[in-house]
Amino acid sequence: MAQMDSIGTTTEGLARRRMPWFGLLAGVVGSCLVLFIVAPLAGMTLSCSLSDLSAAAAEQEVRSSIRLTLLCAMFATVACTAFGVPLGYLLARRRFRGRSLVLAIIDLPIIIPHSAAGLALLTVIGRHSLIGSVSERSGLLLVGAPAGIAVAMAFVSVPFLVNAARAGFEAVPQRLERVARTLGATPARVFFSVALPLAWRDILGGMILMWARGISEFGAVIIIAYHPMTTPVMVFQRFKDYGLDSARAVAVLLVGICVGIFVVLRLLARRPKASEAGHA
Amino acid sequence: MLELRGIAKRYGRFALEALDLKVMSNEYCVLLGPSGAGKTVILEMLAGLIRPDAGQVLWDGRDITSAAPETRRFAMVYQDYALFPHMSVRANIAFGLRSRGVTRTEAAGRAEAVARNLGIAELLARRPATMSGGEQQRVALARAMVTEPKLLLLDEPLAAVDIAGRRRLRDQLKQLQQRTRTTFLHVTHDIDEAMFLADRAAVILDGRLRQVASPEELFRRPSDRDVARFLGMRNILDVVCSEPGFCRARGVTIHVAGSDVATRHVWIRPEEIILSGQPFDSSARNQFHGHVAQYSRAGDLLAVEVDCGDLELTALVTYASFECLAIQKGRQVYATFKSSATHCF
C-alpha cells in the first residue's frame, strides 16, 4: 500500500503541471484493477462463517494437508536455493555464450501449462523412468509421495528464485567486487563476503516468492500426487465432491496462512533506508 | 618496476593502441588524459581485472599478464570510493589483511594504525554511507595501503571529492607516497593535479601515449600540438621554417630558438611576453604592435589578448603592470618577447 501511495502522489504532481484529466483517469483505472484482485478474495472470506473456518481448522485431514503443503514447498525452496543462488550470480556477472538461452530456459516453467509440466516431470521421475525406479528401489518414493510433490513445486516455482537472485547480484556494484580482488580476496571470498551479504535481501525475497508459489501449486502437483493431498488439491477435491461451501473454508484457511507468512517475511526482508543509501 | 609492452584493448567506443610504458619503482606516475578516454580500463588491465587484447604486463621483468588480481598485490582506489557499504570503516580497512589470512586482532590493530596515519581514526566504527566524500576516499586509501601493495592504482581519486577536501587529500597522497616509498600510478584528467603530484606524467590522447616526461618538461617541450593544446598552452602558432632562427607564421616573421626544417609549430610562453605602451629598445628580437582585444583572469595573473593584425598573442601580466599600463579594450600596446621565449616543435 505504501508503494501505491507514493505512485499516487507522483502522478498527482505531474497532473497538476500538465494534464489534470490523465492522473484522474489513471487513478480510476488503477483502482478498478486493485478492486478486481481484492474483491473475490474479500467476498470468499466474508461469505465464510467463523464456525465453518474453525471447523475446518480442527479437521485432522486439513491440518496435515496444510502441514504437508508448507513443508514440501519449504523443502523445495531451500534445496533450490543451493543451486539457484550460484546460478543467479553467474548470470549476473558473466557474459558467456548461450547466456540468453539459459535465461529463457529458466523462465520456461512460468509460461508452460502446469499440468503439462507435471506430465513432463512424470517422464523423468515416474515409476518407469530411470531416476524414479532407482530412487524407489532405494526406498525414496517420488510419485504419490511428499518427495515427488516437492519436485513438482520446485519445477514450477524455481524461476522466481533464480530471477530474484540474479537481480540482487546485478544490483551489487561490480566495482566493489573488483576492488576486493585487488585487495587480495579470491573469487570465493568475494562472493561470500561482498556479493552475498549485499544481495541477501533480494535472495530472501525470491525465496519467499518461490515458497508462496510452491504452496499454491495445483496443476503439476495433482499429476505427480493426488495423495497425499496438498491443500490446493484438497480444495479442488472438496469442491468437486461436496460443493462450494465445503471447499471454501479450506481455501480461506490456506489463503489466510499464505498472506500471513507473506506479510511477515516481506517485512523482515524490507530494505532499511540507510543501507539503500549505501547501495547507491 | 612495472612495464607495459604493446598493451592494446578495444572496449566499447574506446580503443587503446599498443601502449608501451615503464613505471619506475617508488615513483609517483600520473596518467594524464581527457575524461572518457578509457583510463580506468588501463588500470583495470594492470590490476588483472580485464584481459588486454594484446601485449604484456611485466613486474620486475616477470610476465604477469594472466596472473589473477589477488596474487598481484596491486591495490586499487576508485573515483567513487567503492567502500563496502555493509561493513564498518574498521572492517573495510581490515578486509585485505583478512583476505590474506591475517588474524582478526592483528588486522584490526594494523587497520587502526593506518587510520591514525590518515587522520580517520575517529571514523573506525562508522558506516561509509554516513561520511563525506573526502572521508570516504581516505578510508579507501587506508584500505588499499594497509595491504602494503607493490603498486597503488588510483583512478581519478580526487574527482568526486569537494574542493576543500580535494586539496587536503592531494597533499596526503603526495606525503603518503613519499613516506611509504610505494609506487603510485594515478589516473586523472586534471592537469593541476598531475603537475602537483607527478614525478613523471604520461599523456594519453586518442588511445595513444603521446609523451612521458616530468611535469616541467611537459610544459617546456610538449611533443606535439595536441599535447600542447591539452595542457592548455596559449600562443601556439602554425609556422614554416626555411632557415634556422626564423619562422614565418601568417605573413609574420618571428625570431625563434632551436628551429629546424622539421619545425611545424612555435609556442610563445605567454608569461614571457612583455606589454608596453611605447616601443622600447631591448635585446628582444620580436616586437609587435597591436591593440587589446580582451582580457580575463587567469589564476593570480591576467591573460591579455593582443590583436596584432596577422598575429594574435596572449600575454600573462601581473595586476600591477595591468594597472600601470591602464589596459582596457582597444588600448594600443607593444608586445615584446625574446627568441628564447619560444619553443619549436
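The values are calculated or read from the model by the stated rules, or taken from the named source; none is laboratory data. Since the model is a prediction, treat every value here as computed from it, not as a measurement. Please note: Cβ atoms are built from the backbone with ideal geometry, for glycine as well, and neighbour counts cover all protein chains shown.
Of all residues in region B:157-177, those satisfying the criterion of being touching a strand residue (DSSP E or B) at 6+ places or on another chain (Cβ under 8 Å) and either part of a helix (DSSP H, G or I) or surrounded by 21 or more Cβ atoms within 10 Å (Cβ to Cβ) (or both) are B:Pro157, B:Leu158, B:Leu173, B:Lys174, B:Gln177. Candidates B:Arg127, B:Arg100, B:Arg143: the one that is touching a residue at least 60 places away in the same chain (Cβ under 8 Å), of a type outside the set (Val, Ile, Thr) and within 8 Å of chain A (Cβ to nearest Cβ) is B:Arg143. Can you confirm whether region B:51-70 contains a residue that is within 10 Å of chain A (Cβ to nearest Cβ), closer than 20 Å to A:Glu177 by Cβ and without any contact (Cβ under 8 Å) to a residue 24 or more places away in the chain? Scanning region B:51-70, I find at least one residue that is within 10 Å of chain A (Cβ to nearest Cβ), closer than 20 Å to A:Glu177 by Cβ and without any contact (Cβ under 8 Å) to a residue 24 or more places away in the chain, so the answer is yes.
Do we find that B:Gly277 is at pLDDT below 90 and over 23 Å from B:Asp238 (Cβ atoms) in this structure? Against the criterion (at pLDDT below 90 and over 23 Å from B:Asp238 (Cβ atoms)), B:Gly277 does not qualify.
Residue-by-condition table, conditions (1) surrounded by fewer than 20 Cβ atoms within 10 Å (Cβ to Cβ); (2) within 14 Å of another protein chain (Cβ to nearest Cβ); (3) over 22 Å from B:Ala144 (Cα atoms):
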{"position": "A:Pro146", "(1), (2), (3)": "yes, no, yes"}
{"position": "A:Met153", "(1), (2), (3)": "no, no, yes"}
{"position": "A:Gly168", "(1), (2), (3)": "no, yes, yes"}
{"position": "A:Thr186", "(1), (2), (3)": "yes, yes, no"}
{"position": "A:Ala195", "(1), (2), (3)": "no, yes, no"}
{"position": "A:Leu198", "(1), (2), (3)": "no, yes, no"}
{"position": "A:Asp202", "(1), (2), (3)": "no, yes, yes"}
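Residues that are closer than 28 Å to A:Pro228 by Cβ, touching a helix residue (DSSP H, G or I) at 6+ places or on another chain (Cβ under 9 Å), part of a helix (DSSP H, G or I) and without any contact (Cβ under 8 Å) to a residue 24 or more places away in the chain are absent from region A:86-106 altogether. Taking (1) outside any loop (DSSP other than H, G, I, E, B); (2) surrounded by 17 or more Cβ atoms within 10 Å (Cβ to Cβ) in turn, B:Val102 satisfies each apart from (1). When we screen B:Arg116, B:Arg110 for residues that are within 14 Å of another protein chain (Cβ to nearest Cβ), more than 28 Å from the chain's Cα centre (by Cα), over 22 Å from B:Tyr11 (Cβ atoms) and surrounded by fewer than 19 Cβ atoms within 10 Å (Cβ to Cβ), the only hit is B:Arg110.
Residue-by-condition table, conditions (1) within 30 Å of B:Arg116 (Cβ to Cβ); (2) modelled with pLDDT of 95 or more; (3) not acidic (Asp, Glu):
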site	(1), (2), (3)
B:Val23	yes, yes, yes
B:Glu27	yes, yes, no
B:Pro34	no, no, yes
B:Leu46	yes, yes, yes
B:Ile50	no, no, yes
B:Thr71	yes, yes, yes
B:Arg90	yes, yes, yes
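What do you reckon, is B:Val292 modelled with pLDDT of 90 or more and in contact with a Lys or Arg (Cβ under 6 Å, 6 or more places away or on another chain)? It is true that B:Val292 is modelled with pLDDT of 90 or more and in contact with a Lys or Arg (Cβ under 6 Å, 6 or more places away or on another chain).
Which residues, counting only those in region A:169-222, are within 18 Å of the chain's Cα centre (by Cα), under 20 Å from A:Gly84 (Cβ atoms) and not in a helix (DSSP H, G or I)? Across region A:169-222, the qualifying residues are A:Ser216, A:Glu217. Within region B:68-96, being of a type outside the set (Val, Ile, Thr) and part of a helix (DSSP H, G or I) holds for B:Pro69, B:Glu70, B:Arg90, B:Ala91, B:Asn92, B:Ala94, B:Phe95, B:Gly96.
Looking at region A:227-280, the helices (runs of 4 or more DSSP H) lying wholly inside it that each contain 1 or more residues that are more than 14 Å from every other protein chain (Cβ to nearest Cβ) and modelled with pLDDT under 95 sit at A:231-242, A:244-269.
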